[in-house]
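Have a look at the structure below before the remarks.
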Amino acid sequence: MPRFPRSAYDQTGGLVYFPRMCDKIRLHAAGELAEEYFGYLGKGFDGRICGYLRVNYEDVKAQVLSGKSDEDVLAWCLENGRGLIEIDYLVWNGFARKRGWRDSDGGSEFFEKAKADGGFSDKDELRTMFDFYEYDEGRAQ
């Protein structure tokens, strides 16, 4: 039976979303990820965090599927991509947590469509993609 991935708010090593990406990879490999997520594997937030870390998604996927923990995969990313300093965590987490709110690159429109398609147009407290995941996957009401 398909399962939802971890919350985007969860963190590994101080980075939000990273454990969700790793969870999606594992669930997909096990045949447990809902099909609605397939088109976003390696794209969207997956692609953005890999780009931010300057690593290739397929390489990260191989690390995850080798059996490494999220912490070990992140350590690999930091060694093989770019290292992060304190401000980098603030920048990524701030960007990711607010995605869909007042974005000028189409992110807000994508979020509003997802919100409407999900039947959450009446949820004024739902303001970002992370919030959308929480509602869509049943962790919030």
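Looking only at the stretch 115-129, decide whether some residue is aliphatic (A, V, I, L, M), in a helix (DSSP H, G or I) and not assigned by TED's automatic domain parsing to the domain that holds residue 22. Write out each step before concluding.
Of the stretch 115-129, the ones aliphatic (A, V, I, L, M) are 116, 126, 129.
Still in the list and also in a helix (DSSP H, G or I): 116, 129.
Still in the list and also not assigned by TED's automatic domain parsing to the domain that holds residue 22: 116, 129.
Yes, the conditions are met somewhere in the stretch 115-129.
Step by step: first the residues of the stretch 20-34, then only those that are farther than 15 Å from residue 62 by Cβ and not small (Gly, Ala, Ser), then the one that is farthest from the chain's Cα centre (by Cα). Which residue is that? Spell out the reasoning first.
To start, the set of residues in the stretch 20-34 that are farther than 15 Å from residue 62 by Cβ comprises 20, 23, 27, 30-34.
From what is left, the residues that are not small (Gly, Ala, Ser) are 20, 23, 27, 32-33.
On the way: 20: 5, 23: 10, 27: 14, 32: 17, 33: 14 Å.
Looking at residues that are farther than 15 Å from residue 62 by Cβ and not small (Gly, Ala, Ser), I get 32.
Which of the numbered conditions does residue 109 fail, given that it passes all the others? Conditions: (1) of a type in the set (D, E, K, R); (2) outside the structural domain of residue 13 (by TED's automatic domain parsing); (3) not in a helix (DSSP H, G or I).
(3)
For every residue, the table says whether it meets (1) modelled with pLDDT of 95 or more; (2) closer than 16 Å to residue 40 by Cβ; (3) surrounded by fewer than 17 Cβ atoms within 10 Å (Cβ to Cβ); (4) acidic (Asp, Glu).
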site	(1), (2), (3), (4)
62	yes, no, yes, no
68	yes, no, yes, no
77	yes, no, no, no
90	yes, no, yes, no
105	no, no, yes, yes
123	no, no, yes, no
133	yes, yes, no, no
141	no, no, yes, no
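Scan the stretch 42-52 and tell me whether some residue there is of a type in the set (D, E, K, R) and without any contact (Cβ under 8 Å) to a residue 12 or more places away in the chain.
Step one: filter the stretch 42-52 for residues of a type in the set (D, E, K, R), giving 43, 46, 48.
From what's left, without any contact (Cβ under 8 Å) to a residue 12 or more places away in the chain: 43.
The answer is yes, given that some residue of the stretch 42-52 is of a type in the set (D, E, K, R) and without any contact (Cβ under 8 Å) to a residue 12 or more places away in the chain.
Restricting the stretch 35-51 to residues that are farther than 20 Å from residue 139 by Cα and among the hydrophobic types (A, V, I, L, M, F, W, C), which is farthest from the chain's Cα centre (by Cα)?
38
Anything in the stretch 19-77 that is on the phi < 0 side of the Ramachandran plot and not in a helix (DSSP H, G or I)? List them, or say none.
To start, the set of residues in the stretch 19-77 that are on the phi < 0 side of the Ramachandran plot comprises 19-30, 32-41, 43, 45-53, 55-66, 68-77.
Selection gives 30, 32, 33, 34, 41, 43, 55, 56, 66, 68, 69.
The values are calculated or read from the model by the stated rules, or taken from the named source; none is laboratory data. Note that the coordinates shown come from a computational prediction; the quantities given were computed from them, not determined experimentally. Ideal geometry is used to build each Cβ from the backbone, glycine not excepted, and the neighbour counts take in all protein chains shown.
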